[in-house]
């Protein structure tokens, strides 16, 4: 591909389901969540953001999209990356529209690779990422990357592939997060997990955005007034605003080990358990008596468990969370209540 490839790393969210590690002053992308207990750690692990920027290092440039409250921390964490600061955080649709418009002004005929800052990836990411960017450039399609499921997962959206073209397939339908029975059916039918990673050319994306709830933002960016554009629109994800409306969306397989670390139970998929099946991550230590199959995480904290199983026990700052692993998706509900009480 002769076009310059520019990676956009989204770093404006908070990651509320990882409360209390992730809070308004310390969003998920600045955490390491490295799975190394305090007694074994001798150096501070890179944050999820730093790892993501490094993963995208094969691109000709890396741009980090964030909100004003996080801008200084982003620049400190990844000083080699460019930074685009949204006037206000309004989800991934506006953020990617602003970043794509910015890239189109800086580069001649680029391809854009967009990826979240808070996922974990193991394996060869560059090869499928470049393949997706090439598909976007050659077909003028909007590319989404799909991960082959390893289990029925209710916390992810799914992509139903249509006609196969070799390196990619048409997207037949996007599916929202399912219940357990439906998730099992999706896996059996060969649907992909929606990884939230995308590729496009600015012309293709901005054209689609003009026919979406993001139209007022695109017009304002053309007029050089991003603040007015952000005021004119409501928060919306790029999936809902653009991809689910697009007729030319395609899916490229992302054949890597991938996880979005969306909730505390996800740590047991990326951290090896001890002899009792307990997972101890980040800066925590654990002493356990007859306690099995628990997830423990914290910042320089010692946790003792007796006679319990299947819990996530998390302690950061002056906050503690105890929740059954089967209920960790509900932490988002808790955070909504904490926000109402100005405690987040």
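The values are calculated or read from the model by the stated rules, or taken from the named source; none is laboratory data. Please read these numbers as outputs of a predicted model, since none were measured by experiment. Quick reminder, even Gly has a Cβ in these numbers, built from the backbone with ideal geometry, and neighbours come from all protein chains shown.
Does residue 224 meet the test of being within 22 Å of the chain's Cα centre (by Cα) and either closer than 30 Å to residue 88 by Cα or part of a helix (DSSP H, G or I) (or both)? Walk me through it before giving the result.
Values: within 22 Å of the chain's Cα centre (by Cα): no; either closer than 30 Å to residue 88 by Cα or part of a helix (DSSP H, G or I) (or both): yes.
Here the answer is no, as residue 224 does not meet what is asked.
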Quick check: is even one residue across segment 262-280 at positive phi and at pLDDT below 95? no
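So which of 284, 297, 291 is under 30 Å from residue 124 (Cα atoms), crowded, with 19+ Cβ neighbours inside 10 Å and not assigned by TED's automatic domain parsing to the domain that holds residue 118?
Details: 284 fails: under 30 Å from residue 124 (Cα atoms); 291 fails: under 30 Å from residue 124 (Cα atoms).
Exactly one of 284, 297, 291 is under 30 Å from residue 124 (Cα atoms), crowded, with 19+ Cβ neighbours inside 10 Å and not assigned by TED's automatic domain parsing to the domain that holds residue 118, namely 297.
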Every residue from segment 120-147 that is surrounded by 14 or more Cβ atoms within 10 Å (Cβ to Cβ), touching a strand residue (DSSP E or B) at 6+ places or on another chain (Cβ under 7 Å) and assigned to a loop (DSSP other than H, G, I, E, B): 141
Conditions: (1) at pLDDT 95 or above; (2) crowded, with 20+ Cβ neighbours inside 10 Å. Residue 104 meets all but one. Number of the miss? (2)
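Would you be able to say whether some residue in segment 87-94 is without any contact (Cβ under 8 Å) to a residue 40 or more places away in the chain and buried (at least 19 other Cβ atoms within 10 Å of the Cβ)?
In the first step, residues of segment 87-94 are kept if they are without any contact (Cβ under 8 Å) to a residue 40 or more places away in the chain; the result is none.
No, that holds for no residue.
Would you be able to tell me the number of residues in segment 148-177 that are assigned to a strand (DSSP E or B) and more than 17 Å from the chain's Cα centre (by Cα)? Explain how you work it out, then say what you get.
At the first step, the residues of segment 148-177 found to be assigned to a strand (DSSP E or B) are 158-164, 169-175.
Checking which are more than 17 Å from the chain's Cα centre (by Cα) leaves us with 160-164, 169-175.
The total comes to 12.
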Hits in segment 237-277 (condition: surrounded by 19 or more Cβ atoms within 10 Å (Cβ to Cβ) and within 15 Å of residue 96 (Cα to Cα)): 238, 239, 241, 242, 243
Per the filter on segment 55-86, residues surrounded by fewer than 23 Cβ atoms within 10 Å (Cβ to Cβ) and part of a helix (DSSP H, G or I) are 55, 68, 69, 71, 72, 73, 75, 76, 77
Filter pass, residue 210 being under 22 Å from residue 136 (Cα atoms), surrounded by fewer than 16 Cβ atoms within 10 Å (Cβ to Cβ) and in contact (Cβ under 8 Å) with a residue 12 or more places away in the chain: no
Of all residues in segment 294-344 being more than 20 Å from residue 266 (Cα to Cα) and part of a helix (DSSP H, G or I), the one that is nearest to the chain's Cα centre (by Cα): 336
Scan segment 263-284 residue by residue and report those that are farther than 17 Å from residue 322 by Cβ and over 21 Å from the mean Cα position of the chain (by Cα). 272, 273, 274, 275, 276, 277, 283
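Is it the case, given these coordinates, that residue 207 is assigned to a loop (DSSP other than H, G, I, E, B) and either modelled with pLDDT of 95 or more or over 25 Å from residue 110 (Cβ atoms) (or both)? If you could, list the steps in order and put the result at the bottom.
On the way: assigned to a loop (DSSP other than H, G, I, E, B): no; either modelled with pLDDT of 95 or more or over 25 Å from residue 110 (Cβ atoms) (or both): yes.
No: the conditions fail for residue 207.
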Going by the conditions given, is residue 336 loosely packed, with under 14 Cβ neighbours inside 10 Å and within 25 Å of residue 11 (Cβ to Cβ)? yes
